[in-house]
Amino acid sequence: MGLHMHDITTHTQATTHMYLCFDLIKKWIMENPDASICTAGGVDKFKDVAIFQDYHGLKEFREAIAKFMGRVGGNKVTFDASRIVMSSGATGANETIMFCLVNPGDAFLVPSPYYPGFARDLRWRTGLEIVPVDCKSSNNFRITRAAMEDAYEKAQKWNLNVKGIIIANPSNPLGTTLDIETMRSLVAFVNEKNIHLVCDEIYAATVFDSPRFVSVAEVIQDMDCCNRDLIHIVYSLSKDMGIPGFRVGIVYSFNDDVMLCARKMSSFGLVSSQTQYLLASMLSDDGFVGNFLRESSKRLAKRHYVFTKGLEQVGISCLTSNAGLFFWMDMRLLLKEQSFEGEIELWRVILNEVKLNVSPGSSFQCSEPGWFRVCFANMDDETVEVALNRIRAFVLNRENQESNRSKRCWRKKHLRLSFSSTRLYDETIMSPCMISPHSPLVRAKT
């Protein structure tokens, strides 16, 4: 593998758990050759599928996607297949929904830390402005009503026309799911302000621990005073199925006008009919889907445990998470200074010396320095072990460096004190360079 010569990448543009679940998809394809028009078993359908170009999409595909979305949410809600609008991945879906909702110069609130790609997906061609909703580590980065109000007021002071708020549930980069009360608070907020709520649910099937995933579609079922025209969902199979190259994105809106507008725009980014045909067959196989979801959850849970426990052994903690293909690592105690400059300095050391490409929190617009996103599902078991060994070696080396520096500092102070006092040792005047030995990360502080 030559791992000693190359970086171990724990951040990619298309974070996927293909390494963990590719065998399940490969097995199904081998057992169902007629699902592909490019095999001897399915070539009879080649002509019909190859010339199909209706931008509504194959009926079987839309029905299979709607059923899969419902199943991922625990069958708490039924999605209407007629409202499924195709797009070229979640990137295209997010841009499409923004084109439908905003004019150039309008603004959307985005709880931070948030996915860096939003700056591209939401803004580049629409002219949209992003206003962060700053979430804090003191409450595990939960989205609060106060934070939303503060961001809304800031946007108004900046003379920005706020058209909505977009969230990722489960969160990228936090790896957490939103609880029902937070979801209800979000729905209530947009209804009071008469603005839109877009829920990016592309990691819905990556939940591997409680609490379960709750779609906004489920939440609004039980809310009487909710204008459903303000609620929209973005979905994709890139993360949940680990097939980003298939470019399957979905816009699902409860607003008829938005749905019709998005469908017209979908002509610019359709999913190929060949891909639709294959996935319609795959996702209609209830046995396969059930096994895939169970096995994916089990494997993600195991990998997450191995990685986070390995970090815990050297004193590195992470935000408690239950979903996604990544976790939010707390490296604040390793910063030379509590600033974003200190964060970038540490990131460069990890990148250039440890050879691990984690992502600094500042790239996610995190309001506090020292947090890093680590992707754990896009590598094999051998690479995981190599990555953990490198991190362990890095932390231990920092500990040794700090220990030696502290000893030199203490000796210098001790020598100075010995000339000015007959008392050679007094805890009350011990050098401030001496640090408690109880925590490895405290010892690693510089």
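The values are calculated or read from the model by the stated rules, or taken from the named source; none is laboratory data. Just so you know, these numbers come straight off a predicted model, no measurement behind them. Cβ sites come from the backbone with ideal geometry, for glycine too, and all protein chains shown count toward neighbours. All accessible areas refer to the heavy atoms of the entire protein, side chains included, with ligands and DNA or RNA removed. Shrake-Rupley method; radii C 1.70, N 1.55, O 1.52, S 1.80 Å.
Under a 5 Å amide H cut-off, with hydrogens placed 1.01 Å from N, VAL271 pairs with SER87 among residues at least 5 apart or on other chains. Note on the chain: GNM, Cα springs under 10 Å; of THR177, THR78, THR96, the largest mean-square fluctuation is that of THR78.
Straightening the chain between HIS56 and GLU181 buys 41.5 nm, computed as 0.36 nm per residue apart minus the Cα-Cα spacing.
For the range 212-217, the Karplus equation 6.51 cos²θ - 1.76 cosθ + 1.60, evaluated at θ = phi - 60°, returns couplings of 6, 6, 10, 6, 4, 5 Hz by residue, with Gly and Pro reported as x. Each residue, ILE344 and ARG294, gets one label point 7 Å from its Cα in the Cβ direction; the gap between the two is 5.0 nm. If the chain linking PHE99 and ASP222 were pulled fully straight, counting 0.36 nm for each residue of separation and taking away their Cα-Cα distance, it would gain 41.4 nm.
Projecting the Cα atoms of PHE292, GLY70, SER210 onto the dipole axis of the chain, where Lys and Arg carry +1 and Asp and Glu carry -1 at the beta carbon, places SER210 farthest toward the positive end.
Give me the percent of the accessible area of the range 55-194 that comes from carbon and sulfur atoms, probe 1.4 Å, all protein chains in place. Looking at the range 55-194 in its full context, I get 46 percent from C and S. Of the options (i) 1.08; (ii) 1.13; (iii) 0.99, only one is Cα Rg over 2.2 N^0.38 Å as computed from these coordinates, and that is (ii). Relative to the Cα centre, the charge distribution of the chain, modelled as +1 at Lys and Arg Cβ and -1 at Asp and Glu Cβ, gives a dipole magnitude of about 1700 debye. Dividing the helix sum by the residues of the chain, where each DSSP H run of 4 or more adds -39500 (n - 2.57), gives a mean residue ellipticity at 222 nm of -13000 deg cm²/dmol. Among MET223, MET379, MET98, the largest mean-square fluctuation in a Gaussian network model of the chain, built with springs joining Cα atoms closer than 10 Å, belongs to MET223.
Stretched out fully, how many nm does the piece from VAL306 to ARG145 gain, at 0.36 nm a residue minus the Cα gap? Using 0.36 nm per residue and subtracting the Cα-Cα distance, I get 54.4 nm.
Cut-off under 13 Å on the C-alpha distance; same-chain residues fewer than 8 positions from LYS355 excluded. Which aspartates and glutamates are left, in chain and number order? Within reach: ASP7. The charge dipole of the range 126-227, taken about its Cα centre with unit charges on the Cβ of Lys, Arg, Asp and Glu (plus for the first two, minus for the last two), comes to roughly 260 debye. Nearest 0.05, what FRET efficiency do SER317 and SER272 give at R0 = 51 Å with Cβ-Cβ as r? The pair SER317/SER272 has a calculated efficiency of 0.70.
Given the range 66-201 reduced to its alpha-carbon atoms as identical point scatterers, what log10 I(q)/I(0) does the Debye formula return at q = 0.09, 0.20 Å⁻¹? The Debye formula, applied to the Cα set alone, gives -0.27, -1.34.
Per residue, the convex hull spanned by the Cα atoms of the range 34-285 measures out at 119 cubic angstrom. The residue list ILE350, SER137, MET282 was ranked by how far each Cα lies along the charge dipole of the chain toward its positive end, using unit charges on Cβ atoms, and ILE350 comes out on top.
Among TRP124, TRP158, TRP28, the largest mean-square fluctuation in a Gaussian network model of the chain, built with springs joining Cα atoms closer than 10 Å, belongs to TRP158.
Quick one: compute the contact order of the chain, relative version, from alpha carbon pairs under 8 angstrom and 6+ residues apart, as a percent. Result for the chain is 21 percent. In order along the range 161-169, phi translates into HN-Hα couplings of 8, 6, 9, x, 9, 10, 10, 10, 9 Hz, rounded to whole numbers, per the Karplus curve 6.51 cos²θ - 1.76 cosθ + 1.60 with θ = phi - 60° and x for Gly and Pro.
Of all aspartates and glutamates in the structure, the ones whose alpha carbon falls short of 18 Å from that of LYS27, not counting any fewer than 8 places away in one chain, are ASP240, ASP285, ASP286, GLU295.
Specify the angular offset, from 0 to 90 degrees and rounded to the nearest 10, of the alpha carbon long axis of helix 145-157 from the longest principal axis of the alpha carbons in the chain. Approximately 80 degrees, to the nearest 10. For the range 34-285, the number of Lys pairs separated by eight or more positions or lying on different chains, with C-alpha atoms closer than 25 Å, is 20.
The distance linking the range 329-346 with the range 61-119 is 34 Å (Cα centroid to Cα centroid, whole angstrom).
For the range 124-134, putting each phi into the Karplus relation 6.51 cos²θ - 1.76 cosθ + 1.60 with θ = phi - 60° gives couplings of 3, 9, 8, x, 6, 9, 9, 10, x, 9, 6 Hz, in residue order, rounded to whole numbers and with x for Gly and Pro. For the chain, the longest principal axis of the Cα atoms and the long axis of helix 59-72 meet at an angle of about 40 degrees.
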